[in-house]
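Input: a single structure, listed below in structure tokens.
The values are calculated or read from the model by the stated rules, or taken from the named source; none is laboratory data. A quick note: this is a predicted structure, and the numbers were derived from the prediction, not measured. In this analysis, Cβ positions are derived from the backbone assuming ideal geometry, glycine residues included, and neighbour counts consider all displayed protein chains.
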Amino acid sequence: MTMQIVINVPDRLGKRLEKIADRLPALLEQLVPETVNEPPADGQNVDDIMAVLSSSPTPEQVLALHPSPAMQSRVSELLAQSKAGILSRDGESELDRYLTVDHLVRLAKAHAYQQLSHAE
């Protein structure tokens, strides 16, 4: 079953969308979550991760950090929008925030691994 949805977009965007019209349903499927505002099933959101990193965590606590499925899904959506050339400025800011947090977590995990290997 299919549904027709009509939206008004600026001419400039409309011309860009015409070029990928055959791929729009698949792109929209990637960009729109199954459920909106669903709380994370497990894992942490950005605020949780930053709270752990700023609390003088043990190496084990740092290594246990991982994004929630909802956060992973949102980052995937933003990356798909970026790749399709339709990422808004707000989306760019949001993606930058996620990428910054990811970079900090990677650095913290590398440091935690180093601490643990020196402790052995």
- Message: One residue is enough: does segment 82-99 have a residue meeting the conditions surrounded by fewer than 17 Cβ atoms within 10 Å (Cβ to Cβ), out of contact with any helix residue (DSSP H, G or I) (no Cβ under 8 Å at 6 or more places or on another chain) and closer than 16 Å to Asp48 by Cβ?
- Response: no
- Message: Name the single residue that is farthest from Leu13 (Cα to Cα) among those in segment 81-120 being outside any helix (DSSP H, G or I) and either free of Cβ contacts under 8 Å to residues at least 60 places away in the same chain or not small (Gly, Ala, Ser) (or both).
- Response: Glu120
- Task: Considering each residue of segment 52-93, count those that are farther than 26 Å from His118 by Cβ and of a type outside the set (Lys, Arg), and give that number.
- Result: 24
- Message: Is it the case, given these coordinates, that Val52 is in contact with a His (Cβ under 9 Å, 6 or more places away or on another chain), more than 25 Å from Ile20 (Cα to Cα), surrounded by 11 or more Cβ atoms within 10 Å (Cβ to Cβ) and not polar (S, T, N, Q)?
- Response: no
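Taking Pro25 as the residue in question, decide whether it is part of a loop (DSSP other than H, G, I, E, B), at pLDDT below 95 and not polar (S, T, N, Q).
It is false that Pro25 is part of a loop (DSSP other than H, G, I, E, B), at pLDDT below 95 and not polar (S, T, N, Q).
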